[in-house]
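Read the structure below first, then the notes.
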Amino acid sequence: MSWFKRKEKGIQTSTEEKKDTRKGLWYKSPTGKIVDAKELEQNFYVSPEDGYHVRIGSKEYFEILFDDNSFKEFDMKLESKDPLKFEDTKKYPDRLKAAQEKTQLKDAVRTAVGKSKGKDLVVACMDFTFIGGSMGSVVGEKIARAGQYALKKKIPFMIISKSGGARMMEAALSLMQLAKTSVVLAQLADAGIPYISLCTDPTTGGTTASFAMLGDINIAEPGALIGFAGPRVVRDTTGQDLPDDFQTSEFLLEHGFLDFITHRRDLKNKVNLYIDLITNQPLRA
């Protein structure tokens with residue numbers, strides 16, 4: 001005998017009474033693990049089931065790094081122009097406008113200064129959601145200005161990379177940002193001011209060829225894709241078959257390109273521990 005028996009055939013609930021499941025309640029990791037969205041947020045956007053680090057942006061990183069999420073943001077209104085009058089499937093200004101409306105960001109990086117464990121820290125954090133985190137003139141300029149602020153105030157500087165590389169719509173102007181940012185980092189090094197580079201998923205192209213690999217320490221999140229060119233280009237250039245994982249943070253750590261890999265929950269403590277050690281200051285609890 002069955003426990004339940006339908007009295008009437010068919011679905012009896014009217015359309016007006018039906019309720020949809022709210023979007024964003026659950027997250028499915030690439031390994032197929034289902035995680036409650038609230039639990040994911042409380043775990044620093046890392047899947048507790050498999051340790052997968054979900055891609056996040058400047059908003060979340062600022063929450064993680066700055067005490068009480070309190071900070072002063074730099075150059076909030078700086079926007080890209082279109083000196084090359086670039087057009088592919090759409091005009092560059094139209095692409096910028098669409099990205100701004102979608103992300104509520106002005107460009108692919110935000111820069112700020114605030115207290116981290118009680119001491120000042122300047123942070124430049126890229127946003128992959130804005131045209132793939134591509135590096136254009138505004139990205140280079142904002143990073144350079146943040147670095148100059150850190151130099152003037154003698155404050156440690158940190159860049160969080162998350163980028164597909166140079167922005168093709170700005171051509172050579174984009175490539176110039178590699179030199180611009182590298183010069184500022186060299187000035188910080190000469191002044192003895194710590195610079196920490198955090199590579200997150202993905203860190204590729206021009207960012208890898210410049211500031212992402214110029215840190216006093218280069219660190220990364222677990223499983224991050226880090227490289228310059230794609231696997232096919234590397235294979236064709238070198239004429240060698242490389243391991244499937246050769247562009248992961250774990251492979252780069254093993255081969256000396258990174259100093260350490262950190263879980264996102266430990267990021268704030270480890271960054272400030274390094275700053276205390278390198279500046280010969282008492283260790284903060």
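The values are calculated or read from the model by the stated rules, or taken from the named source; none is laboratory data. Not measured: the values here are computed from a predicted model. Counting neighbours? That spans all protein chains shown, and the Cβs are built from the backbone with ideal geometry, glycine included. Note: accessible area is taken over every heavy atom of the protein model, side chains too, but ligands, DNA and RNA are not part of it. Shrake-Rupley method; radii C 1.70, N 1.55, O 1.52, S 1.80 Å.
Candidates LEU151, LEU173: the one that is assigned to a helix (DSSP H, G or I) and either surrounded by 24 or more Cβ atoms within 10 Å (Cβ to Cβ) or in contact with a Lys or Arg (Cβ under 9 Å, 6 or more places away or on another chain) (or both) is LEU173. From the list ILE143, ILE160, which one is open to solvent by less than 10 Å² (accessible area, probe 1.4 Å), of a type outside the set (D, E, K, R), outside any helix (DSSP H, G or I) and in contact with a Phe, Trp or Tyr (Cβ under 8 Å, 6 or more places away or on another chain)? Step by step, each of ILE143, ILE160 is checked, and only ILE160 is open to solvent by less than 10 Å² (accessible area, probe 1.4 Å), of a type outside the set (D, E, K, R), outside any helix (DSSP H, G or I) and in contact with a Phe, Trp or Tyr (Cβ under 8 Å, 6 or more places away or on another chain). Taking residues in the range 34-54 that are in contact (Cβ under 8 Å) with a residue 24 or more places away in the chain and of a type in the set (A, V, I, L, M), and partners anywhere that are part of a loop (DSSP other than H, G, I, E, B) and open to solvent by less than 60 Å² (accessible area, probe 1.4 Å), the pairs with Cβ atoms closer than 8 Å and at least 6 places apart or on different chains are VAL46/VAL54; VAL46/HIS263; VAL54/SER29; VAL54/TYR45; VAL54/SER47. Filtered by the rule that a residue be farther than 15 Å from LEU121 by Cα and either acidic (Asp, Glu) or modelled with pLDDT under 95 (or both), the range 258-279 gives ASP259, ASP266. When MET135 is tested against (1) open to solvent by 10 Å² or more (accessible area, probe 1.4 Å); (2) of a type in the set (A, V, I, L, M); (3) under 21 Å from ALA224 (Cβ atoms), only condition (1) is not met. For the range 268-282, how many residues are closer than 20 Å to TYR195 by Cβ and either open to solvent by 70 Å² or more (accessible area, probe 1.4 Å) or in contact with a helix residue (DSSP H, G or I) (Cβ under 6 Å, 6 or more places away or on another chain) (or both)? The qualifying residues number 8.
Among the residues in the range 240-259, are any open to solvent by less than 60 Å² (accessible area, probe 1.4 Å), assigned by the TED database to the domain that holds ARG145, within 18 Å of PHE157 (Cα to Cα) and not small (Gly, Ala, Ser)? Yes, some residue in the range 240-259 is open to solvent by less than 60 Å² (accessible area, probe 1.4 Å), assigned by the TED database to the domain that holds ARG145, within 18 Å of PHE157 (Cα to Cα) and not small (Gly, Ala, Ser).
Conditions tested, residue by residue: (1) open to solvent by 70 Å² or more (accessible area, probe 1.4 Å); (2) assigned by the TED database to the domain that holds LEU175; (3) of a type outside the set (A, V, I, L, M, F, W, C); (4) modelled with pLDDT of 95 or more.
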| residue | (1), (2), (3), (4) |
| --- | --- |
| GLU60 | no, yes, yes, yes |
| PHE66 | no, yes, no, yes |
| LYS81 | yes, yes, yes, no |
| ARG95 | no, yes, yes, yes |
| ALA98 | no, yes, no, yes |
| ALA108 | no, yes, no, yes |
| LYS115 | yes, yes, yes, yes |
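Restrict the check to the range 211-223 and report whether at least one residue is touching a strand residue (DSSP E or B) at 6+ places or on another chain (Cβ under 6 Å), surrounded by 17 or more Cβ atoms within 10 Å (Cβ to Cβ) and charged (D, E, K, R). Yes: the range 211-223 contains one or more residues that are touching a strand residue (DSSP E or B) at 6+ places or on another chain (Cβ under 6 Å), surrounded by 17 or more Cβ atoms within 10 Å (Cβ to Cβ) and charged (D, E, K, R).
Of the listed requirements (1) assigned to a helix (DSSP H, G or I); (2) modelled with pLDDT under 95, VAL183 misses just one: (2).
Inside the range 185-199, can you point out the residues that are at negative phi and out of contact with any strand residue (DSSP E or B) (no Cβ under 9 Å at 6 or more places or on another chain)? Listed by number, the residues that qualify are ALA186, GLN187, ASP190, ALA191. Figure legend. Inter-residue proximity from the range 200-226: first residues on the phi > 0 side of the Ramachandran plot, second residues part of a strand (DSSP E or B) and not acidic (Asp, Glu), beta-carbon distance below 6 Å, spacing 6+ or different chains. Indicated pairs: GLY205/ALA166. Could you tell me whether the range 192-201 includes any residue that is under 30 Å from ASP82 (Cα atoms), assigned to a helix (DSSP H, G or I), open to solvent by less than 10 Å² (accessible area, probe 1.4 Å) and at pLDDT 95 or above? No; the residues of the range 192-201 include none that is under 30 Å from ASP82 (Cα atoms), assigned to a helix (DSSP H, G or I), open to solvent by less than 10 Å² (accessible area, probe 1.4 Å) and at pLDDT 95 or above.
Being touching a helix residue (DSSP H, G or I) at 6+ places or on another chain (Cβ under 8 Å), modelled with pLDDT of 95 or more and among the hydrophobic types (A, V, I, L, M, F, W, C) is not true of LEU25.
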